[in-house]
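Okay, so here's the structure we're looking at.
The values are calculated or read from the model by the stated rules, or taken from the named source; none is laboratory data. Since we're looking at a predicted model, the values are computed, not measured. Quick reminder, even Gly has a Cβ in these numbers, built from the backbone with ideal geometry, and neighbours come from all protein chains shown.
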Amino acid sequence: MTRRIALCIGIALLVGGVTPAASVSKYPPGPPYRSCPDTLTLFSVQNTDTIAAPCHPATLDTVLGVRGIITGFDAKAGAYGFYIQNAFANGPHAWTGVDVFTGATNYNSSVPGTPTGGNLALGDSVVVYGTTQEFASGTEVEGPDQSQSTNDILIRRINSGNPLPAAKVGTTHDFNWTAAATAEPWEGCLVRINGPMHVARTAQGLGIGANQFLVVSPSFPNDSVMVDGNTLTTFGAPPVSTNIDFVQGILDQRSTYRIQLRDANDIGTAVPPNLIDAYPLEDNTLRLVFDKNLDPSSAQNPSNYQLGSVLSGSTVNTAILVGGAGTRVDLGISSAFGDGVAETITAYNIGTATCPSCVSSFQTQPFFNGVMAISMVQAPDPSFLGSCQDRSRFAGAGTSAGDRITVRGVATQSYGSLSYFEDAAFAADLRSSIPDRRPGPGIRRRDRTGEHRRHHRRGRAAHAPHPGADRARPGRLHLRRLADPQHR
């Protein structure tokens, strides 16, 4: 849900007074010239034809009690949200899905003090109270004050475990990335296209961004469909000409239409997985993240991994696919290096769950070894002291992000999305505290036995901007609580 906000200041000089601000309405009951029922439907929110949907709210109108089943989450750091859709016994209906934008608050995780408490899941039936909004031509429901830094949207969970609404099965012509007439009715809904198709373009620019690509069908060679592997998940663009058996996901509009993948199960490709992240969980445990669900046999073979310091005696001893399935692998390692030493991990010969024979070539990710004390990260880089620069040696060049680091500390204070951590032995070193900005509510303050691990890229580029600034996504931040004692 990346958003750019331009600050525009306009001054109008009017003779005899100032034009009043446009009024907004509340649904239900709507303005006086409409008679709307107590329950506002998604059909009314999405369908702009006021003959078919006489209770369609205008942009910035208040909407109360919009109900649907959660079909997908935007849980990537920076700006959060989820999609809801209505289910029908006779199959999918147009105009019945919408994006619920929750700003800096991730309802896919814990949100204390709210009616649901957070931890929403696919299949939850929820009712949303907020304001309608148009972002890049896509309809959203968001908090009444329209600020992404405040959590003023109201969400109630009715029940859980519902089957997801059926996907609308269409063609590349139906969901052409520029075809408003056929695609617009299914904005916010689950859709699916069955093959044969192939990847036609991956080059970025002219509307295509990172992890996005166009597919075409031989039946409709002039119709291109954008597949977005970046907004709701991280799925690398397959090579041009890769055959696609099917693609499904949530159709949305961000100037152009795109099918947003929710995970690697939303597309059928015969391509290898890509290693996209690596960071320590402990001094002897390394977490690897891939962009596709993995073949358990090859993913759990330790001989398919190698540390950069292998010639110094470092070894990979075990490989465990987390939960037995998925995209994450935990490696048990013995490192010849100490904490804070630059290291790499290489993975190869690993297949996907749907194509075990589609094995990866050599792929490498850098990281700094071990779980470090905060004082180590805060220590000045001696090579910059001569120029009077107090920089961490783990920072990237200039203001760019460095490689992955993992630190352990005690959460001492939070101010909204800004949290502070310090080493348990704070008095031993005055350089033992660090701030960390993360979207959503700050981490609760804990006593000294409550530790937190932060896995992130050191440097300003990895820090989230102020939540009210924009919806641009920062580098990912990973949080793992080691203990959960009673907080202060």
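Could you check THR178 against (1) under 24 Å from the mean Cα position of the chain (by Cα); (2) farther than 24 Å from GLY65 by Cα; (3) modelled with pLDDT under 95; (4) not aliphatic (A, V, I, L, M) and say which number it fails?
Failed condition: (1).
Being surrounded by fewer than 10 Cβ atoms within 10 Å (Cβ to Cβ) and either closer than 16 Å to THR131 by Cα or at pLDDT 65 or above (or both): is that true of PRO57 here? Spell out the reasoning first.
Details: surrounded by fewer than 10 Cβ atoms within 10 Å (Cβ to Cβ): no; either closer than 16 Å to THR131 by Cα or at pLDDT 65 or above (or both): yes.
Considered against the rule, which asks whether it is surrounded by fewer than 10 Cβ atoms within 10 Å (Cβ to Cβ) and either closer than 16 Å to THR131 by Cα or at pLDDT 65 or above (or both), PRO57 comes out as no.
Are any residues in the range 367-410 in a strand (DSSP E or B) and exposed (fewer than 15 other Cβ atoms within 10 Å of the Cβ), and if so, which ones? Talk me through it step by step, then tell me what you get.
Initially, the range 367-410 is screened for residues in a strand (DSSP E or B), giving 367-373, 380, 392, 404-410.
Residue satisfying the conditions is PRO380 alone.
Select from the range 109-141 the residues that are touching a residue at least 24 places away in the same chain (Cβ under 8 Å), outside any strand (DSSP E or B) and surrounded by fewer than 20 Cβ atoms within 10 Å (Cβ to Cβ) and list them in ascending order. Show your work before the answer.
So in the range 109-141, the residues touching a residue at least 24 places away in the same chain (Cβ under 8 Å) come out as 109, 111-112, 114-116, 120-141.
Imposing the further condition that a residue be outside any strand (DSSP E or B) reduces the set to 109, 111-112, 114-116, 120-124, 136-137.
SER109, PRO112, THR114, PRO115, THR116, ALA121, LEU122, GLY123, ALA136, SER137 - these are the residues of the range 109-141 that are touching a residue at least 24 places away in the same chain (Cβ under 8 Å), outside any strand (DSSP E or B) and surrounded by fewer than 20 Cβ atoms within 10 Å (Cβ to Cβ).
Of the residues SER241, SER217, which is surrounded by fewer than 18 Cβ atoms within 10 Å (Cβ to Cβ) and among the polar types (S, T, N, Q)? Explain how you work it out, then say what you get.
Values: SER217 fails: surrounded by fewer than 18 Cβ atoms within 10 Å (Cβ to Cβ).
Exactly one residue qualifies, and that residue is SER241.
With (1) among the hydrophobic types (A, V, I, L, M, F, W, C); (2) in a loop (DSSP other than H, G, I, E, B); (3) crowded, with 20+ Cβ neighbours inside 10 Å; (4) modelled with pLDDT under 85 as the list, and PHE421 as the residue in question, which single condition is left unmet?
(2)
Looking at ILE84, is it surrounded by 19 or more Cβ atoms within 10 Å (Cβ to Cβ), touching an Asp or Glu at 6+ places or on another chain (Cβ under 8 Å) and under 16 Å from PRO163 (Cα atoms)?
no
Within the range 93-104, track down each residue that is under 12 Å from the mean Cα position of the chain (by Cα) and either surrounded by fewer than 17 Cβ atoms within 10 Å (Cβ to Cβ) or in a loop (DSSP other than H, G, I, E, B) (or both).
Residue satisfying the conditions is ALA104 alone.
As an exercise: evaluate THR102 against (1) within 24 Å of ARG254 (Cα to Cα); (2) without any contact (Cβ under 8 Å) to a residue 24 or more places away in the chain and give the number of the one condition it does not meet.
(2)
What are the pairs with Cβ atoms under 7 angstrom where one residue, in the range 46-57, is within 15 Å of GLY30 (Cβ to Cβ) and touching a residue at least 40 places away in the same chain (Cβ under 8 Å) and the other, located anywhere, is of a type in the set (Ser, Thr, Tyr) and surrounded by 12 or more Cβ atoms within 10 Å (Cβ to Cβ)? Sequence gap at least six, or different chains.
Qualifying pairs under 7 Å: ALA53/SER44; PRO57/SER25; PRO57/TYR27; PRO57/THR132.
What about SER303, is it free of Cβ contacts under 8 Å to residues at least 24 places away in the same chain, of a type in the set (Ser, Thr, Tyr) and either in the same structural domain as THR172 (by TED's automatic domain parsing) or surrounded by fewer than 23 Cβ atoms within 10 Å (Cβ to Cβ) (or both)? Let's see the steps before the verdict.
Details: free of Cβ contacts under 8 Å to residues at least 24 places away in the same chain: yes; of a type in the set (Ser, Thr, Tyr): yes; either in the same structural domain as THR172 (by TED's automatic domain parsing) or surrounded by fewer than 23 Cβ atoms within 10 Å (Cβ to Cβ) (or both): yes.
Yes.
Select from the range 163-175 the residues that are more than 25 Å from the chain's Cα centre (by Cα) and aliphatic (A, V, I, L, M) and list them in ascending order. Before you say what the answer is, go through the steps one by one.
Step one: list which residues in the range 163-175 are more than 25 Å from the chain's Cα centre (by Cα), which gives 169-174.
Within the range 163-175, just VAL169 meets the criteria.
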